[in-house]
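Data first, discussion second: the structure below is written as structure tokens.
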Amino acid sequence: MHPRLDLIGIIVSDMARSLAFYRALGLDLPPEADAEGHVETTLPGGIRLAWDSEAVIRSFDPGWEAPSGGGRIGLAFLCDGPAEVDAAYARLVGMGYEGHRPPWDAFWGQRYAVMHDPDGNGVDLFAPLG
């Protein structure tokens with residue numbers, strides 16, 4: 001018997017703000033989720049992505065403290081093509097989200113850009129070149 005990856009969890013300081021960012025990336029999250037302490041969705045392929053408020057984490061781990069410095073996880077979203085990488089980056093930055101690295105043609109053969117979600121986690125946008 002071997003464990004299998006089933007869920008990726010993100011701890012958030014502001015649920016509504018975080019979910020708005022991920023909705024802008026195309027995830028289907030109901031508006032009423034903004035007021036919840038725990039939210040999850042199942043992604044294509046079956047892996048679940050979840051968000052927990054700091055209060056929920058402290059409910060079972062009272063000594064938990066938010067890490068200092070940058071995010072410690074990274075998520076990568078595959079776009080339909082290089083132009084979508086550019087458009088998604090511009091749209092998110094235009095909505096006030098933090099663009100970390102504007103789109104570029106990476107040496108490994110992808111159009112790539114890096115955003116930060118509202119809690120400072122790296123969120124990559126990418127697509128194969130040509």
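To the nearest 20 Debye, how big is the dipole of the stretch 1-91 about its Cα centre, given +1 on the beta carbon of each Lys and Arg and -1 on that of each Asp and Glu? Walk me through the numbers on the way to the answer.
On the way: 7 positive and 14 negative charges, 42 e Å.
Taking the Cα centre of the stretch 1-91 as origin, the dipole is about 200 debye.
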Item to check | GNM top mover of Val85, Val39, Val56 - the chain, alpha-carbon springs below 10 Å | outcome: Val56
Item to check | Degrees between helix 82-94 axis and first principal axis of the chain (Cα, 0 to 90, nearest 10) | outcome: 50
Item to check | Relative contact order (percent, whole number), the chain, Cα cutoff 8 Å, 6+ residue spacing | outcome: 23
Checklist entry - By its C-alpha gyration tensor, with a ≥ b ≥ c as the square roots of the eigenvalues, how is the stretch 72-121 shaped: rounded for a/c under 1.5, else prolate for a/b larger than b/c, else oblate? => result oblate
Checklist outcome for this item: To the nearest 0.05, the calculated FRET efficiency linking Asp105 and Glu32 through their beta-carbon distance, R0 being 35 Å, is 0.30
Next on the checklist: Semi-axes of the equivalent ellipsoid for the chain, please: Cα gyration tensor eigenvalues, times 5, square-rooted, ordered largest first, whole Å.
Outcome noted: 27, 17, 15
Checklist outcome for this item: With Asp124 itself left out, Lys, Arg at +1 and Asp, Glu at -1 over residues whose Cβ is under 12 Å from its Cβ give +1
Checklist entry - Longest segment of the chain with no chymotrypsin sites (Phe, Trp or Tyr not before Pro) in a DSSP loop having at most 14 other Cβ atoms within 10 Å? => result 1-63
Item to check | Calculated P(r) of the stretch 1-71 - Cα pairs past 18 Å, % | outcome: 44
Checklist entry - What part of the accessible area of the stretch 47-130, given as a whole %, is carbon or sulfur when the probe is 1.4 angstrom? => result 55
Item to check | Antiparallel DSSP beta bridges within the chain, as percent of all bridges there, nearest 5 | outcome: 60
Checklist entry - Once Lys and Arg get +1 and Asp and Glu get -1 on their Cβ, which of Gly46, Trp108, Ile8 lies farthest toward the positive end of the dipole of the chain? => result Trp108
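The values are calculated or read from the model by the stated rules, or taken from the named source; none is laboratory data. For clarity, every value in this text was computed on a predicted model and none was experimentally measured. Positions of Cβ are backbone-derived with ideal geometry, glycine not excepted, and every protein chain shown enters the neighbour counts. Accessible surface areas use protein heavy atoms only, side chains included; no ligands, DNA or RNA. Shrake-Rupley method; radii C 1.70, N 1.55, O 1.52, S 1.80 Å.
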